1. How many residues, within region 14-28, are without any contact (Cβ under 8 Å) to a residue 12 or more places away in the chain and under 17 Å from the mean Cα position of the chain (by Cα)?
2. Quick one: how many residues across region 216-274 are under 28 Å from Lys157 (Cα atoms) and not β-branched (Val, Ile, Thr)?
3. Go through region 261-281 and give me each residue that's among the hydrophobic types (A, V, I, L, M, F, W, C) and loosely packed, with under 13 Cβ neighbours inside 10 Å.
4. Return yes or no: is Tyr213 within 12 Å of the ligand (Cβ to nearest atom) and within 19 Å of the chain's Cα centre (by Cα)?
5. Just to check your reading of the model, which residue among Val29, Val21 is more than 14 Å from the ligand (Cβ to nearest atom) and either surrounded by 17 or more Cβ atoms within 10 Å (Cβ to Cβ) or within 22 Å of Val172 (Cα to Cα) (or both)?
6. Give me the pairs: first residue in region 116-142 and in contact (Cβ under 8 Å) with a residue 12 or more places away in the chain, second residue within 14 Å of the ligand (Cβ to nearest atom) and of a type in the set (Phe, Trp, Tyr), beta-carbon distance under 6 Å, and six or more apart or on different chains, which are they?
7. Need pairs with beta-carbon distance below 7 Å; first residue closer than 23 Å to Leu4 by Cα and near the ligand (Cβ under 7 Å from one of its atoms) and within region 69-92, second charged (D, E, K, R) and assigned to a strand (DSSP E or B); sequence gap 6+ or separate chains.
Amino acid sequence: MAVLITGGYGLIGSELARILVNKGETVWVLDKWIAPQRFSGMEEKVTSIQADLGNFARILEAVKESSPRVIFHLGGMLSYPSNADPQSAFSTNVAGTYHVLEAARLFNVSKVIFTSTIATYGLDLQKPVIDDFTLQRPVTMYGSTKVFGELLGRFYKTKYGIDFRALRFPSVVGPGAKTAHISIYNAWAVEKAFYGEPYDIFVLPEIRCPVLYFKDAARSLLLLEAAPAEAIQTVCYLIAGIKPMSSAAELVAEIKKHFPKAVLDYKPDTLSMSIHSKAQGISYNDSQAEKEWGWKVEYSLERMIADFYEELRKNPDRYR
Ligand SMILES: NC(=O)c1ccc[n+]([C@@H]2O[C@H](COP(=O)([O-])OP(=O)(O)OC[C@H]3O[C@@H](n4cnc5c(N)ncnc54)[C@H](O)[C@@H]3O)[C@@H](O)[C@H]2O)c1
């Protein structure tokens, strides 16, 4: 049977699709924007559906046509675009997630894996450690839409028996990331240095932010999907990322080991700084994911940056 990935042309979705194709799975990807270079060399192994998640009829058609055993629902608008255009974020992230779950129910798809975010945490954090049980009170449109997605998925699990599972990712870093979000400087600083272009990091050098390499993100989705149903107790899992968390200055130091002349400056942005500064001193505990389905990060900061550059060298067209 097939696998359907919404947002399958995005940073994480396209990596997930590549892994699944290499495992011999039948892969369908649904996205609003098709970027053919993402699958160069394996175009014929991926079936693309160009559709807007906000269009219920198109999502119904896509799920009916692909008839997947599982939907990886990754399509969505990230923090900056959702903040700039909350109305479209509602259509894509809120209505879109409802459309995916409803289509899964109507066409008997037994499993839906959803990508949420640590941006679902926000107001009045009571403790310095965030875990799966910390109250989620986001301060952004993006975070609010993702809390809704998690809760709607839990409801479909209880009421209709859909095997819904979700991950709350930290900032995911990888080559060819196109979408701006409040932590994207982590990926773009690495990438701009490779292309010899200057880049302004939009937080202060001391700001620490949890990050996860895109290969680890894709692997975590596959591990979660493969876990036996009885192991899934918590349902929506926090993924903490690389430990210890690096500051922007430590990220730059690592980049400069590869590109000593990289021109990376700091120009803090108000929205990003207001969110990041509230999260300083906080740590993330993902022991439930480790306990229930064996999650462990593989890429350290050093390994992540070395592999990022290796990817850009090996696949110059894929990530442009
Ligand atoms: N990148 C991160 O740091 C991060 C962190 C936490 C959670 N996540 C979540 O992981 C998922 C994948 O993120 P990513 O980093 O690959 O982002 P991405 O922006 O690279 O991918 C998202 C994809 O969704 C597609 N999309 C957007 N609006 C759509 C619409 N209306 N209809 C159909 N497709 C639409 C985009 O074209 C894009 O290809 C998202 O749900 C995101 O919220 C990402």
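1. Step one: list which residues in region 14-28 are without any contact (Cβ under 8 Å) to a residue 12 or more places away in the chain, which gives 22-24.
Next, only the ones that are under 17 Å from the mean Cα position of the chain (by Cα) stay: none.
So the count comes out to 0.
2. Taking region 216-274 as the starting set, the residues that turn out to be under 28 Å from Lys157 (Cα atoms) are 216-241.
Filter again for not β-branched (Val, Ile, Thr), leaving 216-231, 233, 236-238, 240-241.
Residues that pass the stated criteria total 22.
3. Here is the first cut: in region 261-281, the ones among the hydrophobic types (A, V, I, L, M, F, W, C) are 262-264, 271, 273, 275, 279.
Correct list: Val263 only.
4. Details: within 12 Å of the ligand (Cβ to nearest atom): yes; within 19 Å of the chain's Cα centre (by Cα): yes.
Against the criterion (within 12 Å of the ligand (Cβ to nearest atom) and within 19 Å of the chain's Cα centre (by Cα)), Tyr213 qualifies.
5. Working: Val29 fails: more than 14 Å from the ligand (Cβ to nearest atom).
Checking each option against the conditions leaves just Val21.
6. From region 116-142, the pairs are Thr117/Phe169; Ala119/Tyr142; Ile130/Tyr121; Ile130/Tyr284; Thr134/Tyr121; Gln136/Tyr121.
7. Cβ pairs passing all conditions: Gly75/Asp31.
Residues are listed down the side, and each one gets a yes or a no for (1) within 23 Å of Ala249 (Cβ to Cβ); (2) of a type in the set (Val, Ile, Thr); (3) at pLDDT below 95:
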site: Asn186; (1), (2), (3): yes, no, no
site: Glu191; (1), (2), (3): yes, no, no
site: Pro198; (1), (2), (3): yes, no, no
site: Ala218; (1), (2), (3): no, no, no
site: Leu221; (1), (2), (3): no, no, no
site: Ala227; (1), (2), (3): no, no, no
site: Ile232; (1), (2), (3): no, yes, no
site: Cys236; (1), (2), (3): no, no, no
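The values are calculated or read from the model by the stated rules, or taken from the named source; none is laboratory data. These figures come from a predicted structure and were not determined experimentally. Here the Cβ is made from the backbone with ideal geometry for all residues, glycine too, and neighbour counts use every protein chain on show.
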